1. Restricting to Cα pairs below 8 Å that are 6+ residues apart, what does the relative contact order work out to for region 247-296? Please round to a whole percent.
2. Where a ≥ b ≥ c are the square roots of the eigenvalues of the C-alpha gyration tensor, would you call region 292-384 rounded, which needs a/c under 1.5, or, failing that, prolate if a/b is larger than b/c, or oblate?
3. Between residue 421 and residue 325, what FRET efficiency follows from the Cβ-Cβ distance if R0 is 35 Å, with the result rounded to 0.05?
4. Let me know the shape class of region 190-280, please: from the alpha-carbon gyration tensor, a ≥ b ≥ c as square roots of the eigenvalues, rounded when a/c is under 1.5, otherwise prolate if a/b is greater than b/c, or oblate.
5. With all protein chains present and a 1.4 Å probe, how do 134, 189 order by accessible area, largest first?
6. As a test question: what accessible area, to the nearest 10 Å², does residue 133 have when a 1.4 Å probe is rolled over all protein chains in place?
7. Can you sort 299, 208 by 1.4 Å-probe accessible area, starting with the largest?
8. What is the percent carbon and sulfur in the accessible area of the chain, measuring with a 1.4 Å probe over the protein chains and ignoring ligands?
Amino acid sequence: MGGLRIHPLFAAVIGASLAATMPARPDAQQLPAPAVALPALTLPVVETAQVAQGRYLAVLGDCSGCHDRPGGQPYAGGVPLPTPFGTIYSANITPDRETGIGAWTAEDFWNAMHRGVRANGAKLYPAFPYPYFTHVTRPESDALYAYFRTVAPASYRPPANKLPFPLNIRFMVTFWNALNFKEDRAPTTGPSPGEHIVRGLGHCGACHTPKTLLGGDKADHALEGGKLDNWFAPALNSDARTGLGAWSEADVAEYLKTGRNARANGSASMADVITHSTSKMADTDLTGIAAYLKAQPNHAAAAATPAPDPKVMAIGEAIYVDECSACHAADGKAAPTYFPPLPGAAVTQSRDPTTVIRFILSGTQTVATDARPTPLSMPSYAWKLNDAQVAAVATYVRNSWGNAAPAVTASQVAGLRRKVAAKPVQKPSASI
């Protein structure tokens, strides 16, 4: 029988342990150090179940989308959030004690999420979507708090908000809350996890619900489409023309997961949501969201759409054939999952043409995801088409191939061109 063989590394560790426990002899010679140093043994950090839950809840809430500024540390804030009333900069939510939330308790965090109140008692501006986060449960809030305690602290103080007097006085939010905010006294996940995400952490209505003059949600028209930061977010309801009525639940889930489906491509503001949030969600949550959205009714009264001017349609068709048909095809059907088809598209037929106009003026790029990593681009035509031409081609795509939507005017194009600083049309010089 062979003798017991011991691996040299184990032998070295055992020998070192025995030497540490045996008394040294006075006449013993000092042994030389081993020629090869043993590697330091480190124990892996174990993430608790609560922290893991909080990490995923931060994905559902798209927290990094608002709190990760380019070039900054994760969750350090400083992202400018434009509003109709001025610019608000997102807060530092890392555990830095001086500039972040390191001195906050779980109760402080809950008050911010649930009531829109900071640790010092001051009101938070509703650019932080606490009217939605109030539906988050206390265990979910505590899990988020536990997760944010584990991120690297960042010593960074965001710039001061740029709000005019008296809106720069936080106490004024009290009056806004009285008109627009209702605290959820008993938040629960409810019968539909999709509903809980959409109405809570997902805060989908923050973009897709029309707003009052004061920026509050028109609650009677939830998810019927909203205008924000010079984009129009389409309706997320069962309307077959302007919403998701023609989409299957699988279509909705695929769009949220990959950024594309056979009906649409994700871009513009939605690209950030897909990148940081929906593409990382569990499939069960995506299907839950899809089922909930498709069940939402459309409360907007269907308005009759007058037929567009035939002359405008003829001009728009000529421009479309020259500039758009190479990608979108002469019949508008394009190449689904590569270039989005235009017939029946909700963005194309929305009552507000802002997004269609802006795509033409500024161009856009499809979001890249793990499932579809190659982005596709639409160029800007602001340098090439004047306001009347943009209006004509927009009117054409909104009223061709079975589409029906109000005509676009040159003044609408001019107004948006000024707001988004689109490059003006170059006029020929009068001299050589």
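1. Rounded, it is 43 percent for region 247-296.
2. oblate
3. The formula returns an efficiency of 0.80 here.
4. Rounded shape, in that the Cα axes give a/c under 1.5.
5. In descending accessible area the options line up as 189, 134.
6. 10
7. Sorted by accessible area, descending: 299, 208.
8. Carbon plus sulfur share of accessible area: 61 percent.
The values are calculated or read from the model by the stated rules, or taken from the named source; none is laboratory data. Fair warning: this is a prediction, and the values are worked out from it, not measured in the lab. Ideal geometry is used to build each Cβ from the backbone, glycine not excepted, and the neighbour counts take in all protein chains shown. The accessibility values were calculated without ligands, DNA or RNA, using every heavy atom of the protein model including side chains. Shrake-Rupley method; radii C 1.70, N 1.55, O 1.52, S 1.80 Å.
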